[in-house]
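*Asks:* Please find one structure pasted underneath; my questions will follow.
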Amino acid sequence: MEIKYRTPMAQPKINRKSSLSLSLATIIALTMSMPTLAQDTLLIADAYVDVAKGKTITDVAIVISDNQISQVTQQSKIPTNHDYKLIDLSGKTILPGVMDMHVHLAGDAQDNFLAAQNYSIPRQTVKAVKNAEITLKAGFTTVRDLGAAGYAVIATRDGINAGEIAGPRIWAVGHPISITGGHCDDNFSSPEKKAKAQGVADGPWAIRAKVRENIKYGANAIKVCATGGVFSKGTKVGVQQLTYEEIKSAVDEAHMRGLVIASHAHGTNGIKASIKAGVDSIEHCSFMDSEAIEMAVEAGTYLSCDIYNTEYTLAFGAANGVPEANINKEKLVSQAQRDSFRAAVKAGANMVFGSDAAVYPHGDNGNQFSRMVKFGMTPTQALQAATINSAKLLKQDNLGQIKAGFLADIIAVNGDPLKNISLMENVTFVMKDGQVYKQ
């Protein structure tokens, strides 16, 4: 639907005597040189969520100029002497596009787990392109991809930025950094192949070099694997792998280059070493004692806890070819992780939304909101984790709110998510950078 309010255009004054001397070519050249004014978009809806205040505000009109929000007001206050492109979302509640700080776009949970270990880089890139669009249409307009082989997601991000494919705004780490035989190494190949993941490095200077290599090939974030993990072979999920000195070297190099750094850390010792080293976010956070939580609060470290995906792994992992040993590790961490999440929320730690999508199907990211509320958050806190908190983690001051001067990342749901957070599982409208991708 489109309505147009017309503003009379002032007619240019022409010196008719001098205009007679203008050639046709000159007139055409002058006409073509005049700037074309982009049409502003007017978006109206029943209400919007002010995530900073935790309030739903009724009767909203938003003016969007190019890719930015230029005005947030009431519908009755919009001037009628302007030419708008109208987007009518009557009956819906809008909120800023949400963000997922832990995804793996190049992987699919439904694929056979062991067969997927042998996917080529081109195959993984195709997966990333597909999953990027699915993720965007689920309402996630910004994501942080925390590991893919061969810079597949960096290529996908660049294609999105070039306008060649659809997808969210992406921060991508390239290859996660791991010790030899660690969680992010290639542990499923036979010893005879002597395979090693491209992010493997041992010792502080080797790790610095690996950070530099990732940045060289386009990484705009960094990740280290400080402990064992669930979906690796032969690693104990809670045991520290990188030393403090190794983590610190990665942190110093990343921060010197202006990048945010994440640490995969399930176990208590790895979490504490990572916080002490100055990482920006801890991923998974499964086994946190009170001291670790206090350290995170004091340091301002962001915690990213994927508390939904355990349901998918335990229900469908075996059918998807996940080895029994990995499923048993998931059973080990699932309740502990949720207990740690609840304790961290209660302590007032900085929390962001991180789902580990690829462990479960992309597009179902929004299912985690209800679990975040179930395990200790208010709906406002859950939405803040996926908006203003994630924007702060990424150091972006124009994302995460519906506010003048912010990028026009806007989504809509059928109802008030502050009253029913499960509405976030069915986003019905998606705009990113002022462009509509789902309506």
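*Asks:* Do we find that GLY363 is in a loop (DSSP other than H, G, I, E, B) and either assigned by TED's automatic domain parsing to the domain that holds ASP111 or of a type in the set (Lys, Arg) (or both) in this structure?
*Replies:* Taking the combined requirement at face value, the residue satisfies it.
*Asks:* Here's something else I'd like to know. Would you say VAL260 is touching a residue at least 60 places away in the same chain (Cβ under 8 Å) and under 22 Å from the mean Cα position of the chain (by Cα)?
*Replies:* So VAL260 fits the description; yes.
*Asks:* Take the residues of the stretch 198-208 that are more than 13 Å from VAL173 (Cβ to Cβ) and touching an Asp or Glu at 6+ places or on another chain (Cβ under 9 Å): which is surrounded by the most Cβ atoms within 10 Å (Cβ to Cβ)?
*Replies:* Applying the filter and picking the extreme gives ILE207.
*Asks:* Output the number of residues of the stretch 114-161 satisfying the condition of being β-branched (Val, Ile, Thr) and closer than 25 Å to LEU95 by Cα.
*Replies:* Going through the stretch 114-161 one residue at a time, the tally reaches 6.
*Asks:* Sort out which residues of the stretch 333-360 are more than 19 Å from GLN381 (Cα to Cα) and surrounded by fewer than 17 Cβ atoms within 10 Å (Cβ to Cβ), and write them in order of number.
*Replies:* GLN335, ALA336
*Asks:* Would you point out which residue out of ALA138, ALA109, ALA172, ALA166 is touching a helix residue (DSSP H, G or I) at 6+ places or on another chain (Cβ under 7 Å), over 21 Å from THR313 (Cβ atoms) and crowded, with 20+ Cβ neighbours inside 10 Å?
*Replies:* Checking each option against the conditions leaves just ALA172.
*Asks:* Being assigned to a strand (DSSP E or B) and either of a type outside the set (S, T, N, Q) or farther than 16 Å from MET351 by Cβ (or both) is the filter here, so list the residues in the stretch 254-287 that pass it.
*Replies:* ILE261, ALA262, HIS264, ALA265, ILE282, GLU283, HIS284
*Asks:* Kindly provide the set of residues from the stretch 416-439 that are more than 22 Å from SER65 (Cα to Cα) and either outside any loop (DSSP other than H, G, I, E, B) or touching a Ser or Thr at 6+ places or on another chain (Cβ under 6 Å) (or both), ordered by number.
*Replies:* Across the stretch 416-439, the qualifying residues are ASP416, LEU418, ILE421, SER422, LEU423, MET424, GLU425.
*Asks:* What residue, of SER340, SER334, is at pLDDT below 95, assigned by TED's automatic domain parsing to the domain that holds GLN117, farther than 19 Å from ILE388 by Cβ and of a type in the set (S, T, N, Q)?
*Replies:* SER334
*Asks:* Any residue at all in the stretch 37-45 that's assigned to a strand (DSSP E or B) and in contact with a helix residue (DSSP H, G or I) (Cβ under 8 Å, 6 or more places away or on another chain)?
*Replies:* yes
*Asks:* How many residues are crowded, with 19+ Cβ neighbours inside 10 Å and not in a helix (DSSP H, G or I) if we restrict to the stretch 210-250?
*Replies:* 20
*Asks:* Let me ask something else. Conditions first: (1) crowded, with 18+ Cβ neighbours inside 10 Å; (2) at pLDDT 95 or above. VAL297 passes all but one, so which condition is the exception?
*Replies:* Of everything listed in (1) crowded, with 18+ Cβ neighbours inside 10 Å; (2) at pLDDT 95 or above, VAL297 misses just condition (1).
*Asks:* When you go through (1) modelled with pLDDT of 95 or more; (2) touching a helix residue (DSSP H, G or I) at 6+ places or on another chain (Cβ under 6 Å) one by one for LYS346, which number turns out not to apply?
*Replies:* Against the list (1) modelled with pLDDT of 95 or more; (2) touching a helix residue (DSSP H, G or I) at 6+ places or on another chain (Cβ under 6 Å), LYS346 comes up short only on (2).
*Asks:* For the structure I just gave you, tell me whether GLU324 is free of Cβ contacts under 8 Å to residues at least 12 places away in the same chain, assigned by TED's automatic domain parsing to the domain that holds SER290 and of a type outside the set (A, V, I, L, M).
*Replies:* yes
*Asks:* Does ASN389 meet the test of being over 18 Å from ALA138 (Cβ atoms) and either over 18 Å from the mean Cα position of the chain (by Cα) or outside the structural domain of THR58 (by TED's automatic domain parsing) (or both)?
*Replies:* So ASN389 passes the test.
*Asks:* Moving on. Considering only residues of the stretch 160-179 that are aliphatic (A, V, I, L, M) and either within 22 Å of LEU242 (Cβ to Cβ) or not in a loop (DSSP other than H, G, I, E, B) (or both), which is farthest from the chain's Cα centre (by Cα)?
*Replies:* Among those that are aliphatic (A, V, I, L, M) and either within 22 Å of LEU242 (Cβ to Cβ) or not in a loop (DSSP other than H, G, I, E, B) (or both), it is ILE179.
*Asks:* Run down GLY400, GLY354 and say which single residue is farther than 28 Å from LEU314 by Cα, within 17 Å of the chain's Cα centre (by Cα) and in a loop (DSSP other than H, G, I, E, B).
*Replies:* Testing whether each residue is farther than 28 Å from LEU314 by Cα, within 17 Å of the chain's Cα centre (by Cα) and in a loop (DSSP other than H, G, I, E, B) leaves just GLY400.
*Asks:* Then there's this: So which of SER286, SER274 ends up being at pLDDT 95 or above, farther than 18 Å from SER355 by Cα, surrounded by 24 or more Cβ atoms within 10 Å (Cβ to Cβ) and touching a helix residue (DSSP H, G or I) at 6+ places or on another chain (Cβ under 6 Å)?
*Replies:* SER274
*Asks:* Follow-up. When SER390 is evaluated against the numbered criteria (1) part of a helix (DSSP H, G or I); (2) free of Cβ contacts under 8 Å to residues at least 60 places away in the same chain; (3) buried (at least 22 other Cβ atoms within 10 Å of the Cβ), which criterion, by number, is the only one it fails?
*Replies:* Looking at each condition in turn, SER390 falls short on (2).
The values are calculated or read from the model by the stated rules, or taken from the named source; none is laboratory data. Computed from a predicted structure; not experimentally measured. All Cβ positions, glycine included, derive from the backbone under ideal geometry; neighbour counts span all protein chains shown.
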